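Visitor: Quick one: the structure is below, questions incoming.
Throughout, read-outs are computed from the coordinates displayed, never taken from laboratory work. Worth saying up front: this structure is predicted, and the values here are computed from it rather than measured. A quick note on method: Cβ atoms are made from the backbone with ideal geometry, for glycine too, and the neighbour counts reach across all protein chains shown.
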Amino acid sequence: MLETISELFQEAYRRNWITARDGNASIRWHDRDHFYITPSGIRKQFLQPEMFKKIQLCTTTHATPPFIREAWKETTYTDISSNLRPSGEIPLHYGLQRQIDTDVRVVLHFHPTYTVAAMYAGIELSSLMTDFPELGRYTKVGRNVPVVPVISQQLADATINNFEMLQNGNINYNIVGLDRHGVVAVDTSPWRAFEHIERLEHIAKIILASKNLK
């Protein structure tokens, strides 16, 4: 699946959902005590599977439900075959990967243009599920995360909260918008997570084209 995620970054770059060094992703299999995350600072359209970082999950018990807050600070990471550092958004990915209720969890973070523009125009993305049934049927959209510092624990906390993540790892939504920043999508395969972003971006484009801003 690392190959597929790498291909999705090329596709996201082609669609202008990211610029060269933007975006990040992670993947975890439920029976493993680690997950893989994209590296920091590389040109993502040239991402390769061997560049991913292997992140060891921490087993400490200082829990702040529904996730282990800041446990990522005690973890270690290793290369697959590179000397790159993990994405700066590791607090976000660590929190979402720490507990999972599925066999596989893929987390994608991109910056799709129309979706970000819609939030900047004041649109609450979760409200679009009411007017566009195909969105609510196939993609559950959580509440927008307000403007908070990127690569911060504050961003991780707010995003995980808006996914409504429970202590057992279950989440109630597939995608959450980050105001002035982008989106985070979660599902059981890279393409399923990608489709949530694609579907929401399509609806955001329609809303902006209609000029019926609410």
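Visitor: Nearest 10 degrees, 0 to 90: what angle lies between the long axis of helix 2-14 and the longest principal axis of the chain (Cα atoms)?
Guide: 40
Visitor: Further question on the same structure: Counting only helical runs of four or more DSSP H residues, what would the 222 nm mean residue ellipticity of the chain come to if each run contributes -39,500 (n - 2.57) and the total is spread over all its residues? Let's see the in-between values first.
Guide: Numbers: 7 runs with 72 residues, N = 214.
Helix contribution divided over all residues of the chain: -10000 deg cm²/dmol.
Visitor: Between Thr113 and Val147, what is the spin-label point distance in nm, taking each point 7 Å from the Cα along the Cα→C-beta axis?
Guide: The answer from the label model is 2.2 nm.
Visitor: Continuing with the same structure: From the phi of every residue in region 183-189, what ³J(HN,Hα) in whole Hz does the Karplus formula 6.51 cos²θ - 1.76 cosθ + 1.60 yield, where θ is phi - 60° and glycine or proline is x?
Guide: 9, 10, 10, 10, 6, 8, 8
Visitor: Enter the angle in degrees (range 0 to 90, nearest 10) between the Cα long axis of helix 190-210 and the first principal axis of the Cα atoms of the chain, meaning the one along which they spread out most.
Guide: Around 30 degrees separate the two axes.
Visitor: Another question, then. State the extension gain, in nm to one decimal, for the chain segment bounded by Tyr138 and Asp179, taking 0.36 nm per residue of separation less the distance between their alpha-carbons. Don't skip to the answer; put the middle values down first.
Guide: Values: separation 41, 0.36 × 41 = 14.76 nm, distance 2.24 nm.
Separation in residues times 0.36 nm, less the Cα-Cα distance, equals 12.5 nm.
Visitor: With both bridge residues required to lie in the chain, what share of the DSSP beta bridges run antiparallel, to the nearest 5%?
Guide: Numbers: 26 of 28 bridges.
In the chain, approximately 95 percent of DSSP beta bridges are antiparallel ones.
Visitor: Also, quick follow-up: Given all pairs of different Cα atoms, what value in angstroms does the Kirkwood hydrodynamic radius of the chain take? Before the final figure, lay out each step's value.
Guide: Working: mean 1/r = 0.0583 Å⁻¹.
Kirkwood hydrodynamic radius for the chain: 17.1 Å.
Visitor: Of the candidates Lys53, Lys44, Lys140, which one comes out as most mobile in a Gaussian network treatment of the chain with C-alpha springs shorter than 10 Å?
Guide: In this elastic network of the chain, the residue with the biggest mean-square fluctuation among Lys53, Lys44, Lys140 is Lys140.
Visitor: How tilted is helix 153-163 with respect to the longest principal axis of the chain? Cα atoms for both, answer in degrees (0 to 90, nearest 10).
Guide: That works out to roughly 60 degrees.
Visitor: Stretched out fully, how many nm does the piece from Lys54 to Ser210 gain, at 0.36 nm a residue minus the Cα gap? Present the calculation step by step, with values, prior to reporting the outcome.
Guide: Numbers: separation 156, 0.36 × 156 = 56.16 nm, distance 4.43 nm.
Once the chain is fully extended between Lys54 and Ser210, it gains 51.7 nm.
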